[in-house]
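Comments concern the structure below.
The values are calculated or read from the model by the stated rules, or taken from the named source; none is laboratory data. Remember, predicted model here, so these are calculated numbers, not experimental data. Glycine gets a Cβ as well: all are built from the backbone with ideal geometry, and neighbour counts include every protein chain shown.
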Amino acid sequence: MTKVTPDSPTTERRKEEHIRINLEEHVQFPRLTTGLERYAFMHQAVPNLDLAAIDTTATLFTKQLTTPVFVSSMTGGTELARTINTNLATAAQERGLAMGVGSQRAAIEDPELASTFQVRHVAPDILLFANLGAVQLNYGYGLDECRRAVEMIEADALILHFNVLQEAVQPEGDSNFAGLLDKVAAVCARLDVPVIAKEVGWGFSKEMATQLAKAGVRAIDVAGSGGTSWSEVEYHRAPDAFHAQVARSFADWGIPTADSIQYVREGAPDTFVLASGGLRDGIDVAKSIALGARAAGIASPFLKAAAQSVEAILDYAREITTQLRIAMLCAGAKDLNSLSQTPLYKR
């Protein structure tokens, strides 16, 4: 089932490399942005609202969040990842955030690594997303592995992530995406929890959103371009100059997050849109909601905070929520439903 060879790193070692590179190297898109900077709220000088009464609560998959923010899927499968996930989940429980774990393939291959993903002991109430690479459905995985991923962490939903460019530039990548939508549809039809389709930093087009919705996914996380570039990550872990140059040539590939939110909303109007990809503060979250997202995911800043302490995560989460509340006040939106109907103008 696994493609590991003596000359290629194990899934566990690859996860360690990904964490280190994200913490130590510059892996942002060199030029491509999220596109959110192109949009702004019309400032309301007299909003007729009380900041203390602004309501940021959101409901997603029957669970209530105190703010429409989730910790995007990042890691698992290593001892360092255990600490990071525990810190993130502890903070998510305290602040009422949702959270996704990183790809659980490592724990499917080696059940001894399952505990590095398990966080229910510190976060019994959070909305929690399991995670597997969708392409693994073409490499021996099926409904059973999806169920195992969900049961492993007592998840409320399953993310199937789509990372075609990352797999294509990895020397050890799994790059056969042929016929994948039919297999995704089979999982959606029989899995007991909702399925979320997630990109990892290159966004979804309108056409892809339509096809994913027809396959039965309940939500689409756009994970657009403008934040972490995983081709840049793979550049830093390339084994030779050839693979490094191939990876680097795609450094600015993808659909900006702001555009992908709108494409997915148009292509799959009855599907929850989740926004991620380069979001950094509560104003980005507010813009994402106004563009059509139900909730917004943040990865890199949470990862860097989690490498420090739970307190650092809580500080960052409090900062995001405060920024969101002030943005809503100044835009004249009393709650998230009002925010979703608040027009943005292009700068």
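Take L80 and decide whether it is at pLDDT below 95 and touching a helix residue (DSSP H, G or I) at 6+ places or on another chain (Cβ under 7 Å). Yes. Within region 326-347, if we keep just the residues that are in contact (Cβ under 8 Å) with a residue 24 or more places away in the chain and hydroxyl-bearing (S, T, Y), the residue that is surrounded by the fewest Cβ atoms within 10 Å (Cβ to Cβ) turns out to be Y345. Total residues in region 11-64 satisfying the condition of being part of a helix (DSSP H, G or I), surrounded by fewer than 16 Cβ atoms within 10 Å (Cβ to Cβ) and either in contact with a strand residue (DSSP E or B) (Cβ under 8 Å, 6 or more places away or on another chain) or modelled with pLDDT of 95 or more (or both): the figure is 5.
Let's see how each residue does on (1) of a type in the set (D, E, K, R); (2) free of Cβ contacts under 8 Å to residues at least 40 places away in the same chain; (3) assigned to a loop (DSSP other than H, G, I, E, B):
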{"position": "H161", "(1), (2), (3)": "no, no, no"}
{"position": "F204", "(1), (2), (3)": "no, no, yes"}
{"position": "K214", "(1), (2), (3)": "yes, yes, no"}
{"position": "I220", "(1), (2), (3)": "no, no, no"}
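Restricting A114, A81 to those that are surrounded by 23 or more Cβ atoms within 10 Å (Cβ to Cβ) and either more than 14 Å from the chain's Cα centre (by Cα) or in a strand (DSSP E or B) (or both) reduces the list to A81. Restricting attention to region 264-281, the residues being of a type outside the set (G, A, S) and buried (at least 24 other Cβ atoms within 10 Å of the Cβ) number 4.
Pairs meeting the criteria (first residue in region 292-318 and more than 19 Å from L65 (Cβ to Cβ), second residue part of a loop (DSSP other than H, G, I, E, B) and among the aliphatic types (A, V, I, L, M), beta carbons under 8 Å, at least 6 apart or on different chains) are L303/M74. Here the helices (runs of 4 or more DSSP H) wholly within region 254-332 that include at least 1 residues being farther than 29 Å from L49 by Cβ, in contact with a Ser or Thr (Cβ under 7 Å, 6 or more places away or on another chain) and polar (S, T, N, Q) are 300-306.
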